[in-house]
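Here the structure is laid out as structure tokens; the discussion comes afterwards.
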Amino acid sequence: MLKTLYDKLWDSHVVRTEDDGTGLIYIDRHLIHEVTSPQAYEGLKLAKRRPWRVESIVATADHNTPTTDWDKGIEDPISKLQVDTLDQNIKEYGSKAYFPFLDSRQGIVHVIGPEQGATLPGMTVVCGDSHTSTHGALACLAHGIGTSEVEHVLATQCLVQKKMKNMLVRVEGQLGAGVSAKDIALALIGKIGTAGGTGYAIEFAGSVIESLSVEGRMTLCNMAIEAGARAGMIAVDQVTIDYLHGRTFAPKGDLWDQAVSYWRSLRSDPGAIFDLMVTLNGSELIPQVTWGTSPEMVVGIDGRVPDPEHEKDPSKREGIEQALKYMGLEPNTLLTEVEIDKVFIGSCTNSRIEDIRIAAKVVAGKRVAPNVQLAMVVPGSGLVKTQAEQEGLDKIFIAAGFEWRQPGCSMCLAMNNDRLEAGERCASTSNRNFEGRQGAGGRTHLVSPAMAASAAVNGTFVDVREIITD
Amino acid sequence: MEKFALHKGLVAPLDRANIDTDAIIPKQFLKSIKRSGFGVNLFDAWRFLDVGQPGVSINQRRPNPNFILNEPRYQGASILLARKNFGCGSSREHAPWALADYGFKAVIAPSFGEIFFNNSLKNGLLPIVLSGIEVDALFHDVLGFPGFQLIVDLENQRVVTETNGKSFNFQIDPFRKHCLLNGLDDIGLTLERVDEIKKFEEQHKLNQPWLFS
């Protein structure tokens, strides 16, 4: 029988299947961070259980950690307790690798997993974080779980799961200069909606996907969850293999050769059946900007804020009205006329080296616009930060008036001190523009790193294709 | 987990699509290392006019009189009625913890975010999928009849209106239903399969040894 990539990943991890189709699935990699794990370890302890396989665990502190003044430690006592609790749990129960606060390799869990070669093709990867879908860029089955499931995986190395349906998103053509994986993700969500992928595992394929770096592929798979799909994934090709070669936890020597030969089978069989297919023309894509409070509320940079008067469906009209009120926007405003107050370049969606390079290219030799109170770059990990500094990118940002911060989740969800104040408008490379996501009353516009950088120097959104022409 | 018995309760309508888990429980409350105490901050940014901070007593807060759950007629509600894609976004299990802690036993909507759906089932909070038309009808009833109650009959997989006996059937995985009805611990059940897991693990190690190196 012809299988999709998802079918192959699922089938190779089924421990048993119940009569109703529910599967018990073996988990290879368990990523842990401080916010969703304390209650799981507590539950484990109360039940007098031990982790099944500590070698599957890779942990870091990322959500609560500050991005400035690391010499002062974590000043918020509640945040500090959560990070300390992770320290204690890892110390008590063990792990394969732990990158604590202040470690030079610490960073956003979804950046460091692939960066360390700790997520590999063919694996099942879980984490108590919905953006675990990111890792699917390396042809693994990766998805977010809740804290009860974190405890379940700790105790049993397995998850009770229903198999998802298969969706293929095919992106053909060629992306224009200044158009990136983020624009594909936003355009897709605009097309199928935030529940369009519910119940599906999405495989991304087509010439545009093949042309993306692993970093770009991660951006795309990262936002599968914003389309409602818990998992996104991309087949193994030479790009995948070249990316992994030599990484810390990637196999070495004979095992590497053996692994690569297996990994090359991790692609959908030609002719395999998908339950749903969606196509996008990459050549026609333009930079995207969200205008509302859901990632599906998105338009191209040449577009306008929608007019609820033109929406016939009453519940959708009400949704638009609510979003415009929250966002402080008038119907029919051109996106290029929307002034911003803050710029955030970072998050598990867009904080990798190529994201920082493209943003630096846009701001090089320019200055942050006077109306922009704060523009910041938060690298995804200590290693990304170091590499960017070796390339001199930090100096470009600082010269332009940006703040160059320490790694972490930062203003993507504002659990630390990095946040929007009520009414502030932000061009953000993160993944969610929900009400209050970046701070109570804050207004988020999701964009690519190039678009965030160009908005920072222009003061309003601007079509970055006017700046990047090659 | 407590057994999910036949439940009769007051219904509260939250007429909004795509309610995300950030709205259900904002990020500042995720810093807790406990599973309990999240109910006072359920829908915090909508329920209160001031910005909530962990540890601040509810008596010191300014309730938003325009938020539906603050209306006197919905006090004590235990069944939440919502629109499509309820619980989308972040995987935070703090969302079902907050709903359950507030006093909700069930949420009825045309669709749910998948991770939220799973998380709810593990906390004795029943997510019930009804069709858009059925949900419309319930919104109509709950707004029209103060004190509107529903009976959630998990055993027979149906929701019944108390007043006129209208009945709506819903689907649920047999395994999940069994766990909820009997208050069973998932982990305990999986650990009954220890031998099978070990056997799988040995074979997996042979197939992909690099995963264990």
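The values are calculated or read from the model by the stated rules, or taken from the named source; none is laboratory data. The structure displayed is predicted, hence computed values, not measured ones. Heads up, the Cβs are rebuilt from the backbone with ideal geometry, glycines too, and the neighbour counts pull from every protein chain shown. Protein only, heavy atoms only, side chains kept; ligands, DNA and RNA dropped before computing areas. Shrake-Rupley method; radii C 1.70, N 1.55, O 1.52, S 1.80 Å.
Listed here are the residues, each with its yes/no results for (1) among the hydroxyl-bearing types (Ser, Thr, Tyr); (2) closer than 22 Å to A:Val214 by Cα; (3) without any contact (Cβ under 8 Å) to a residue 40 or more places away in the chain.
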| position | (1), (2), (3) |
| --- | --- |
| A:Ile353 | no, yes, no |
| A:Pro370 | no, no, no |
| A:Ala375 | no, no, no |
| A:Glu389 | no, yes, yes |
For the range B:23-57, which residues satisfy the criterion of being crowded, with 22+ Cβ neighbours inside 10 Å, assigned to a helix (DSSP H, G or I) and within 14 Å of the chain's Cα centre (by Cα)?
B:Ala23, B:Ile24
Could you tell me whether any residue of the range B:73-83 is open to solvent by less than 30 Å² (accessible area, probe 1.4 Å), closer than 19 Å to B:Ile128 by Cβ and within 13 Å of chain A (Cβ to nearest Cβ)?
yes
Residues of the range A:67-82 being within 10 Å of chain B (Cβ to nearest Cβ) and either touching a Pro at 6+ places or on another chain (Cβ under 8 Å) or open to solvent by 20 Å² or more (accessible area, probe 1.4 Å) (or both), in sequence order, are A:Asp76, A:Pro77, A:Ile78, A:Lys80, A:Leu81, A:Gln82
Testing A:Ala137 on (1) within 12 Å of chain B (Cβ to nearest Cβ); (2) buried (at least 24 other Cβ atoms within 10 Å of the Cβ); (3) over 29 Å from B:Asn123 (Cα atoms), one condition comes back false. Which one is that?
(1)
Residue, farthest from A:Ser104 (Cα to Cα), within the range A:45-66, restricted to residues that are more than 12 Å from chain B (Cβ to nearest Cβ) and touching a strand residue (DSSP E or B) at 6+ places or on another chain (Cβ under 6 Å)
A:Ile57
With criteria (1) crowded, with 22+ Cβ neighbours inside 10 Å; (2) at the interface with chain A (Cβ under 9 Å from one of its Cβ atoms); (3) within 23 Å of A:Asn417 (Cα to Cα), B:Trp97 comes up short on (3)
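Let's see how each residue does on (1) more than 14 Å from chain B (Cβ to nearest Cβ); (2) crowded, with 23+ Cβ neighbours inside 10 Å; (3) touching a helix residue (DSSP H, G or I) at 6+ places or on another chain (Cβ under 8 Å):
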position: A:His131; (1), (2), (3): no, yes, yes
position: A:Glu149; (1), (2), (3): no, yes, yes
position: A:Gly178; (1), (2), (3): yes, yes, yes
position: A:Gly193; (1), (2), (3): no, no, yes
Residue check for B:Ser120: polar (S, T, N, Q), under 23 Å from B:Gly39 (Cβ atoms) and open to solvent by less than 40 Å² (accessible area, probe 1.4 Å)
yes
Which residue, of A:Thr60, A:Thr124, A:Thr156, is open to solvent by less than 20 Å² (accessible area, probe 1.4 Å) and within 30 Å of A:Gly190 (Cα to Cα)?
A:Thr124
In this structure, does A:Gly117 turn out to be outside any helix (DSSP H, G or I) and surrounded by 23 or more Cβ atoms within 10 Å (Cβ to Cβ)?
no
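Would you mind listing the helices (runs of 4 or more DSSP H) fully within the range A:372-470 where at least 1 residues are over 30 Å from A:Ser104 (Cβ atoms)?
On the way: elements: A:382-390, A:393-400, A:449-458.
Filter on the range A:372-470 gives A:449-458.
It is to be established whether one or more residues within the range A:31-39 are more than 8 Å from every other protein chain (Cβ to nearest Cβ), among the β-branched types (Val, Ile, Thr) and surrounded by 23 or more Cβ atoms within 10 Å (Cβ to Cβ). Spell out the reasoning first.
Keep residues of the range A:31-39 that are more than 8 Å from every other protein chain (Cβ to nearest Cβ), which gives A:31-34, A:37.
Of the ones still in play, those that are also among the β-branched types (Val, Ile, Thr) are A:32.
From the residues that got through so far, the ones that are surrounded by 23 or more Cβ atoms within 10 Å (Cβ to Cβ) too are A:32.
Scanning the range A:31-39, I find at least one residue that is more than 8 Å from every other protein chain (Cβ to nearest Cβ), among the β-branched types (Val, Ile, Thr) and surrounded by 23 or more Cβ atoms within 10 Å (Cβ to Cβ), so the answer is yes.
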Considering residues that are farther than 19 Å from B:Asp185 by Cβ, facing chain B (nearest Cβ under 7 Å) and modelled with pLDDT of 95 or more, the number found within the range A:16-30 is 2
Filtering the range A:247-294 down to residues that are in contact (Cβ under 8 Å) with a residue 40 or more places away in the chain and among the aromatic types (Phe, Trp, Tyr) yields A:Phe249, A:Tyr262, A:Trp263, A:Phe274, A:Trp291
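Looking at the structure I just gave you, is B:Asn164 within 14 Å of another protein chain (Cβ to nearest Cβ), over 16 Å from the mean Cα position of the chain (by Cα) and among the polar types (S, T, N, Q)?
On the way: within 14 Å of another protein chain (Cβ to nearest Cβ): no; over 16 Å from the mean Cα position of the chain (by Cα): yes; among the polar types (S, T, N, Q): yes.
Judged against the criteria, B:Asn164 is not a match.
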Taking the range B:17-29 and keeping residues out of contact with any Lys or Arg (no Cβ under 6 Å at 6 or more places or on another chain) and either touching a residue at least 40 places away in the same chain (Cβ under 8 Å) or within 24 Å of B:Glu162 (Cα to Cα) (or both) leaves B:Asn18, B:Ile19, B:Asp20, B:Ile24, B:Ile25, B:Phe29
Could you list all residues from the range A:221-248 that are part of a helix (DSSP H, G or I) and crowded, with 24+ Cβ neighbours inside 10 Å?
A:Cys221, A:Asn222, A:Ile225, A:Glu226, A:Ala227
Going through the range A:311-333 in order, the residues found to be over 26 Å from the mean Cα position of the chain (by Cα), without any contact (Cβ under 8 Å) to a residue 40 or more places away in the chain and within 17 Å of A:Arg443 (Cβ to Cβ) are A:Glu321, A:Gln322, A:Lys325, A:Leu329, A:Glu330, A:Pro331, A:Thr333
